[in-house]
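Written out below as structure tokens is the structure these notes cover.
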Amino acid sequence: MNHIAMNLIEAIVAAAPEMAAIRRDLHAHPELCFQETRTADVVASRLAQWGIPVHRGLGTTGVVGVVKAGTSDRAIALRADMDALPMQEFNTFAHASQHTGKMHACGHDGHTAMLLAAAQYLSTHRHFDGTVYLVFQPAEEGGGGAREMIKDGLFEKFPVQAVFGMHNWPGGEAGQFAASAGPVMASSNEFTITLRGKGGHAAMPHTVQDPVPVACQMVQAFQTIVSRNLKPIDAGVVSVTMIHAGEATNVVPDSCELRGTVRTFTLDVLDLIEQRMREIAQHTAAAFGMVCEFEFVRNYPPTINSESAVEVARRVMAGIVGEARVREQEPTMGAEDFAYMLQAKPGCYGFIFNGDGAHRTRGHGGGPCTLHNPSYDFNDQLIPLGATYWVRLAETWLAPVAA
């Protein structure tokens with residue numbers, strides 16, 4: 001990344017080693033959903049050290065810093081997530097996780113460090129007119145921390161005109177950004193279907209009601225929803241990822257359980273898939289003289305960026321790295337709870353590319369540097385780049401208005 005010409009803020013570059021040390025400390029001490037007490041303490045103490053008022057407790061462990069300048073009542077929120085994943089780290093370098101079964105495998109330690117670096121600069125260089133809310137959010141990895149902060153009054157206590165988030169993205173060359181309007185990440189939903197049959201001896205199938213072949217027919221039929229019920233231009237994924245039945249090879253089980261996920265970019269498509277799955281499950285079971293229990297749980301909604309916010313974000317990104325290094329973001333079927341914030345406020349969820357893993361120091365695991373991989377590590381070279389983006393975005397959005 002060093003060979004790429006970028007308009008980075010010199011003071012942020014100078015502070016980068018300090019921020020990288022914070023990032024590595026957070027990586028070594030990962031905390032799971034709603035347990036981010038140490039992480040929140042680190043964040044809050046740094047903000048207070050820089051003279052930034054701190055509010056704590058939203059979403060259990062959330063932290064909000066407030067940076068004001070000028071007299072305008074305009075405001076913007078910048079969000080970073082803080083939680084780690086329940087998985088074992090394979091890396092053995094000095095800053096590897098010290099907690100068994102917990103790891104920063106998605107870069108939330110880096111997201112926190114980038115926003116802290118921006119906060120440090122903003123605390124002494126208030127070249128804007130309005131308020132910047134620095135939102136450090138817990139529990140992105142399945143806990144819905146964004147939803148919980150909103151429930152606790154995030155946008156009532158800290159009213160904003162727009163909210164922005166950013167995620168590191170491995171694979172692309174470091175020094176590049178991406179942002180696109182519309183859906184960029186999918187909704188995430190789970191289903192559980194329990195088929196009730198009548199078990200018995202595997203040698204006497206005429207005396208039983210075997211739920212296993214019925215379950216197999218359901219799995220196949222679910223795929224026709226995408227291929228024959230959705231419009232070809234609509235996107236949806238139905239994945240049966242678990243089938244549980246039986247305990248012995250010579251016994252037909254009484255029941256069979258199917259579990260999996262559904263992902264879509266729109267709620268209309270999600271409504272259709274849920275309805276068709278329910279109908280297929282119930283009627284397939286009935287055709288074989290059985291009953292089924294159908295449970296469908298909607299988790300994160302789709303992440304949908306607003307066009308006006310994306311336009312500003314891309315312009316800021318281009319001012320730092322050049323237009324050629326600001327890519328269109330291909331939508332991914334992964335999910336992100338920043339979607340809840342975008343349901344409440346206009347905004348943009350952007351991406352900063354993390355490189356191919358060559359940045360990892362000696363002692364990294366043998367696997368690739370991809371998200372949710374036990375050999376992943378955040379690229380510390382991104383800290384000044386991401387922080388510069390946050391600062392320039394706030395300054396652009398809250399630029400003083402000529403009288």
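Annotations for the structure displayed:
- Residue match in the range 129-145 (condition: buried (at least 24 other Cβ atoms within 10 Å of the Cβ), of a type in the set (Val, Ile, Thr) and assigned to a strand (DSSP E or B)): yes
- Selection count where residues are of a type in the set (Lys, Arg) and closer than 21 Å to residue 80 by Cβ, scope the range 321-352: 1
- Any hit, the range 107-121, residues being touching a residue at least 60 places away in the same chain (Cβ under 8 Å), surrounded by fewer than 18 Cβ atoms within 10 Å (Cβ to Cβ) and assigned to a helix (DSSP H, G or I): no
- Out of 326, 321, 391, sole residue that is of a type in the set (Val, Ile, Thr), in the same structural domain as residue 174 (by TED's automatic domain parsing) and farther than 25 Å from residue 17 by Cβ: 326
- Residues of the range 232-284 classified as buried (at least 16 other Cβ atoms within 10 Å of the Cβ) and part of a loop (DSSP other than H, G, I, E, B), total: 6
- Residue within the range 306-316 that is charged (D, E, K, R), closer than 27 Å to residue 237 by Cβ and surrounded by fewer than 21 Cβ atoms within 10 Å (Cβ to Cβ) present: yes
- Within the range 45-96, if we keep just the residues that are in a loop (DSSP other than H, G, I, E, B) and polar (S, T, N, Q), the residue that is farthest from residue 142 (Cα to Cα) turns out to be 71.
- Against the conditions (1) within 30 Å of residue 131 (Cα to Cα); (2) within 17 Å of the chain's Cα centre (by Cα), residue 332 satisfies every one except (1).
- On inspection, residue 177 does not qualify as farther than 30 Å from residue 369 by Cβ, surrounded by 14 or more Cβ atoms within 10 Å (Cβ to Cβ) and among the aromatic types (Phe, Trp, Tyr).
- Residue-level check: of (1) small (Gly, Ala, Ser); (2) farther than 20 Å from residue 333 by Cα; (3) surrounded by fewer than 14 Cβ atoms within 10 Å (Cβ to Cβ), residue 227 misses just (2).
- Any chance residue 337 is touching a helix residue (DSSP H, G or I) at 6+ places or on another chain (Cβ under 6 Å), under 29 Å from residue 156 (Cα atoms) and among the acidic types (Asp, Glu): yes
- Check on residue 205, over 30 Å from residue 44 (Cβ atoms), outside the structural domain of residue 71 (by TED's automatic domain parsing) and crowded, with 19+ Cβ neighbours inside 10 Å: no
- Tally, over the range 243-261, of residues that are in contact with a Leu (Cβ under 7 Å, 6 or more places away or on another chain) and of a type in the set (A, V, I, L, M, F, W, C): 2
- The set of residues from the range 5-34 being farther than 16 Å from residue 386 by Cβ and not in a helix (DSSP H, G or I) comprises 5, 29, 30, 31, 32, 33, 34.
The values are calculated or read from the model by the stated rules, or taken from the named source; none is laboratory data. The shown structure was predicted, so the numbers you read here are calculated from the model rather than taken from an experiment. Positions of Cβ are generated from backbone atoms using ideal geometry, with glycine treated the same way; all protein chains shown enter the neighbour counts.
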